[in-house]
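Just below is one structure, and these are the notes that go with it.
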Amino acid sequence: MGVTYDTGALVAAERNDRRMWALHAGLLAEEVVPTVPAGVLAEAWRGGSRQASLARLLAMCEVEPLTDELARRVGVLAGRSGHDDVVDVAVVEGALRRGDAVVTANDEHIRRVADGARRRLRIEHV
């Protein structure tokens, strides 16, 4: 099983949250490379030296681009779930497709989208 990071995970890493960094180190020790959807990166990234910790985390992640095909799948799931935050929907779509858990600070939104897909999703709160 893999893992997908939502924006809350990136924010936690940027703030040097010990729990987030311990989780990340544990995943890497198990040779799990976390996935970060491109929209998640866009929500969290502002640039500059203040984000050195976030840059360090991202160097050990795979950023998933938002392709035309993926955008269409995300749109369909947004319609099914009634949730209009396409970043949340992209996180769930990718996690379900890959069989990933999701690391997030916003359990409610992630769960709502997964419920719209009528699928269960493992969520790790940070």
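The values are calculated or read from the model by the stated rules, or taken from the named source; none is laboratory data. Only a predicted model underlies this, so the values are computations on that prediction, with no experimental measurement involved. We place every Cβ from the backbone using ideal geometry, glycine too, and count neighbours over all the protein chains shown. The protein model used for the area step is the full one, side chains on, heavy atoms only, and it has no ligands, DNA or RNA in it. Shrake-Rupley method; radii C 1.70, N 1.55, O 1.52, S 1.80 Å.
Would you kindly state how much longer the chain becomes between residue 97 and residue 15 on full extension, computed as 0.36 nm times their sequence separation minus their alpha carbon distance, in nm to one decimal?
Extra length available between residue 97 and residue 15 comes to 26.6 nm.
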- request: Multiply the residue separation of residue 29 and residue 124 by 0.36 nm, subtract the distance between their alpha-carbon atoms, and state the gained length in nm to one decimal.
  value: 32.4 nm
task: Using only Cα atoms, tell me the angle between helix 107-116 and the longest principal axis of the chain; keep it within 0 to 90° and round to the nearest 10.
output: 30 degrees
field: Relative packing of peptides 41-51, 87-97, 13-23, 103-113 - highest average C-beta neighbours within 10 Å first
entry: 87-97, 103-113, 13-23, 41-51
task: Could you please state how large a percent of the accessible area of the range 17-126 is carbon and sulfur, counting protein chains only and using a 1.4 Å probe?
output: 51 percent
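With the contact rule set at Cα under 8 Å and sequence spacing of 6 or more, what percent relative contact order holds for the range 23-78?
Here the relative contact order equals 44 percent.
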field: Folded to 0 to 90 degrees: helix 18-29 orientation relative to the chain principal axis, Cα
entry: 80 degrees
query: How many times 2.2 N^0.38 Å is the alpha carbon radius of gyration of the chain?
result: 0.99
1.4 Å probe accessible area per residue over the chain, in Å²: 55 Å²
